[in-house]
Amino acid sequence: MPGEDRALQTAEDELLVARFQAGDAEAFSRLMAIHTDQVFGLAWSVLHDREAALDATQEVFIKLYVALPRFGGAANLPAWLYRVCLNHCIDVKRRSRGVNAELTEEEWERLQGPDHEDPCRSVQNAELRDAIRRAVDGLPPRQRMAFVLRHYQFMSLKEVADVMGCTVGAIKSHLARATAHLRDSLSDYVDPAVEEVDKNVWMRQDS
């Protein structure tokens, strides 16, 4: 998210939290509308299961509703949501072996975000686009998590590090390894198409 848009979003979060704390119940619905897709995206990247991700998203907002009357960090609301979601999903993974499921086209579009450039926009070949999606789905969990947060939720390296509880250097390492895995997974496709994916997806690791 560009800096100006992020500042506007932070200002709106702060206003909505203040309104909720002053008794405006509708403010919570607006907060959910703003942040649900991002929370779901993170839950999916960890759990890799639609129903479990939806359950996790609901649980995160229940926790937010309980915490909000005394919430003092509105400027850091997205990081709080992501951290609560991450911790919940890790607990779920510890209790369950998990079940693989594929994202629907609608959910994949929501995960990428309707207001941002699709990293695969310039790749016209539908087969290659599906291969990219499968390759991302097949990444090891922490690599997939870092990749999704960075390239599909457009978070900065520092924001991804804050959410995942590690250093920026570790995030760069996860992203580099994810890049290598994706290159291997897409090695059967023609070079120009892979180069196009490089340009649109992988070359965003400098900030």
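The values are calculated or read from the model by the stated rules, or taken from the named source; none is laboratory data. Here the structure is a predicted model, which means the values were calculated and not measured. Reconstructed Cβ throughout: ideal geometry from the backbone, glycine too, with neighbour counts over all protein chains shown.
Evaluation of ARG95 against the conditions (1) in contact with a helix residue (DSSP H, G or I) (Cβ under 8 Å, 6 or more places away or on another chain); (2) over 24 Å from PHE147 (Cα atoms) shows that the sole unmet condition is (1).
Conditions (1) at pLDDT 80 or above; (2) within 16 Å of ARG150 (Cα to Cα); (3) not assigned by TED's automatic domain parsing to the domain that holds LEU8, marked per residue:
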{"residue": "SER29", "(1), (2), (3)": "yes, no, no"}
{"residue": "VAL46", "(1), (2), (3)": "yes, yes, no"}
{"residue": "ASP49", "(1), (2), (3)": "yes, no, no"}
{"residue": "GLN58", "(1), (2), (3)": "yes, no, no"}
{"residue": "GLY73", "(1), (2), (3)": "no, no, no"}
{"residue": "CYS89", "(1), (2), (3)": "yes, no, no"}
{"residue": "ASN100", "(1), (2), (3)": "no, no, yes"}
{"residue": "ASP118", "(1), (2), (3)": "no, yes, yes"}
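The residues of region 13-31 that are surrounded by 15 or more Cβ atoms within 10 Å (Cβ to Cβ) and under 12 Å from LEU77 (Cα atoms), listed by number, are ASP13, LEU16, VAL17, LEU31.
Which condition number does ASN87 fail, the rest of (1) closer than 24 Å to LEU139 by Cα; (2) of a type in the set (S, T, N, Q); (3) surrounded by 15 or more Cβ atoms within 10 Å (Cβ to Cβ) being met? Single failed check for ASN87: (3). Need pairs with beta-carbon distance below 8 Å; first residue not assigned by TED's automatic domain parsing to the domain that holds THR179 and within region 132-148, second surrounded by fewer than 17 Cβ atoms within 10 Å (Cβ to Cβ) and part of a helix (DSSP H, G or I); sequence gap 6+ or separate chains. Hits for this filter: zero, empty list.
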